[in-house]
1. Taking each residue of A:77-88 in turn, how many C-beta atoms of other protein chains fall within 10 Å of its C-beta, and what is the average?
2. Using a ≥ b ≥ c from the Cα gyration tensor of chain A (square roots of the eigenvalues), is it rounded, prolate or oblate, where a/c under 1.5 gives rounded and otherwise the larger of a/b and b/c decides, a/b for prolate?
3. Given 4 °C and 1.567 mPa s, compute D for the range B:191-328 with the Stokes-Einstein relation, Rh being the Kirkwood radius over Cα pairs; round to the nearest whole µm²/s.
4. When the helix-only estimate is applied to chain B (DSSP H runs of n ≥ 4, each -39,500 (n - 2.57), divided by the residue count), what is the mean residue ellipticity at 222 nm, nearest 500 deg cm²/dmol?
5. Taking each residue of B:236-247 in turn, how many C-beta atoms of other protein chains fall within 10 Å of its C-beta, and what is the average?
6. Is the C-alpha gyration tensor of chain B telling us rounded, prolate or oblate? Criteria: a/c under 1.5 is rounded; beyond that, a/b larger than b/c is prolate, otherwise oblate.
7. Between residue A:127 and residue B:52, what is the spin-label point distance in nm, taking each point 7 Å from the Cα along the Cα→C-beta axis?
8. From other protein chains only, count the Cβ atoms within 10 Å of every residue's Cβ in B:74-81, then give the mean.
C-alpha cells in the first residue's frame, strides 16, 4: 500500500537532520519531544510550508508535482499559533477550509459542531479565548475534508474535556482512513496512539509503537525525566 | 449594518459628493446648471467651469480616493495588521520623493519634467523603493510596533530627502511651490492631463485587485495557514504588493501626499460591514472616493490655504489615536 505520507532525507538546515518516514493511511501518529526538538519544523516540512531539502510524497505523489490548490484538498495543517488579527465570525474562518473546493460549504456545520463551536459561530474570532481560537483552527482543518491532518500541539491550550474530545476526533478520523499526526507534550496521551515519533535536537530518535518507543531509558535520555508506569487518575469522556 | 445596504448607500454618497464637487466652488452652480453643463447646456461659463476645471478635478479625486482606500485594505491584509496603511508605512513618502526629485532635478539637468509620464514613473519608482525597504524592515506578519516604527523611520528618511531637495531648489520659486504642493497634497488645478495620467491605470489596478478578495481573507489570518488551505501565497503576495504600491504611487503622482485615507476608510467600513475582503475591497474603493471628494469640498469651503492633505490629516490623526487606544 502506498504511504499516505512519505519523507526521505527530509532536512531543514540548522533545525532538522535528514529524516526518513512512512506513515500509512488510517494511522494515528503522536509526535513528542522537548521544546525546540523540531516537532513544528518537521510538521511544516511535511506539509510543504517550509523550504526543506529531501523528498516528500503525499499518497504516492511527489509534493513538487501537486498543485497548490490540490494540496489544500489533500492535507490540512493546524499551527501552534492561533492569532487572528481580523474580526471574522467563527463560521467564516471555518468556511475558509473550503477555499480549495471553490468555497462550497460542505462539512462546515459539522466541523463547527465537532469542535463544540456551534454556539460561537457568529462571534468574531478576535473575541475568543486562546483555547477557543485553537478549536476554530482545528474546525477549519476538519472542514477541508483532507485525508491527511497535521496538528501542531492542538490540545496544549484546551481544557480537559475539549482536549479529550480532540483526541477522540483524531481517533475517529484515523478509523475512517485519515492519517492524523498530532504533536503533543503529554506522554501518557501519546501512549494511546498507533505510532509515536520522538524528536530530539532535530533528530528522529524514536519511531514505532508506543510501548516499543516510549521506554523509561528513552524518556530519560530525551526528556531527562524519570518515568515509571503506575496506575493513576485518568479522565475519560462519559 | 447589513452588507446589503452598503452598495446602494455608498453609491448614493458617491454620486452626491461627485455632483457637489461639480457644483461647489468659487462659482456656485445649481444642480440644473451642472447637469446642463455636462449635457448640452447653453451656459458657456458653467460649461467651462464644469468641463474644464471641476470635472477633471472630481475625477482625479475619485480615482485617488479609490486608489488609497484599496491600497490601505491591501496593505492591512498583506501585513496582517489593521494599522498598516500607505501613509504610515512611508510608501506615500517614497512616491512623493520620486515626484519631487523629478520636479527639482528636472530643470537642473534639463530633462523634461513636464513630460506626462516622468512624474508618475518617478513616483512609482520611489514608492517601490519605499515598499522594498518596508518589506526588509518589517518582515511578514510584523507586529504593530515594529511595523509602525519602521514607518516612522522610513517617513523621516524620505522626508529628509524631500526637504533636501526643497532647500536646494529654494531659489526657484516655481519649483518650490510645486514641491510644496506635492507635500501637502491637493486637487487644485487638476486638469484632464492628470486624469489621463492617473485614472485609467488606477482603474485597471483596482479591477485587477477585485478577484483577489477571497484569497486575501485567508492571507489576513496567517500566511502559512493560507498556503496550507490552497492559496498560492507567494504569487498572491507579489500581486498585492505590486498593485497596492502602484495604486499609492499613482495617487501620489497626481495629487501629492494625502494621508490617512487608506487607514480611516477601510477601518470604518470594516466596523460597519465586516472584514470580508470580497466586499471590503470594492467598498473601500467607493468609500475612499467619497472621503476624498468630501475632504476636497471642505478645502473649497475654507479656501484660506486649507490643503487636502491637511484636511485628511485633521480627520485621520485623531482617528488613528483613537484606534491605538481602543481595546481590541
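Computed from the coordinates by the stated procedures, all read-outs in this text should not be read as laboratory data. Computed from a predicted structure; not experimentally measured. Cβ sites come from the backbone with ideal geometry, for glycine too, and all protein chains shown count toward neighbours.
1. Averaged over the peptide's residues, the number is 6.
2. Oblate, because a/c is 1.5 or more while a/b does not exceed b/c.
3. It comes out at roughly 78 µm²/s.
4. Value at 222 nm, helices only, nearest 500: -25000 deg cm²/dmol.
5. Averaged over the peptide's residues, the number is 0.
6. Since a/c reaches 1.5 but b/c is at least a/b, the shape of chain B is classed as oblate.
7. In this crude spin-label approximation the distance works out to 5.7 nm.
8. Per residue, the number of nearby Cβ atoms from other chains is 1 on average.
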